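Below you'll find the structure, written out as structure tokens, and then a few comments.
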Amino acid sequence: TSDQQVFNHMMRKPNQWPGISAPHRAWIMDAWGNTLKLGGLALPLFINGHGYFVQQAHKRLKVDPLCVHATYSLDNHDAVAKMQRFREAGLWEADSDGYFSMSGATEERNGYLALNGSISPDLQKLVDAYKAKREPPSNIHVHAHALRGYILELRDALALAHALGRTLILPQWTCFCDRLWSGSDDIFH
């Protein structure tokens, strides 16, 4: 059970959904038998993980959030996955000095090899076809096509990095199918 499920259980009234109601346009409301006050926060400044990492709303709105909440990572809510998400976004500063060093490596490394991720002409054609039909390219068909290409790129890059004795730096690939966003109440386990 995560802190979110505990909070949801505390806030929900029996036989009511969602269990919390506020007067129209109210930013602060009483909860839990008037023993607790809840307040709404401005989403661009207190952004959830989906809005920050996937939608990148802060870039479109040109806002620097005050905090980012690492929401569900759909992998048993693993802290390691959440730390990595922050690390990739440049928001994780709790690593020790040796985290990025080669100390403790089992084999000698001769630098780095960076994989510059690309969108294949076939994938771009598929994306353009959906856009031409005025349909979003964010669907499982496009995602599966992209994933096949990413796996082939990764295979070749891993082989090259191994042959050269280098550490592979991965690109930021595009996810075309980010669809599972609803209250899960831990139904994935």
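For region 116-141, name all the residues that are loosely packed, with under 14 Cβ neighbours inside 10 Å and outside any loop (DSSP other than H, G, I, E, B).
The answer is Pro121, Asp122, Gln124, Lys125, Asp128, Ala129, Lys131, Ala132, Ile140, His141.
Residues being small (Gly, Ala, Ser) and surrounded by fewer than 14 Cβ atoms within 10 Å (Cβ to Cβ): count how many of those fall in region 156-174.
Here the count works out to 3.
In this structure, is Ala144 outside any loop (DSSP other than H, G, I, E, B) and closer than 18 Å to Trp173 by Cβ?
When the stated conditions are applied, Ala144 passes them.
None of the figures in this text is laboratory data; all of them are computed from the coordinates on show. In this text the structure is predicted, and so the values were computed from the model without any measurement. All Cβ positions, even for glycine, are placed from backbone atoms using ideal geometry, and neighbour counts span all protein chains on display.
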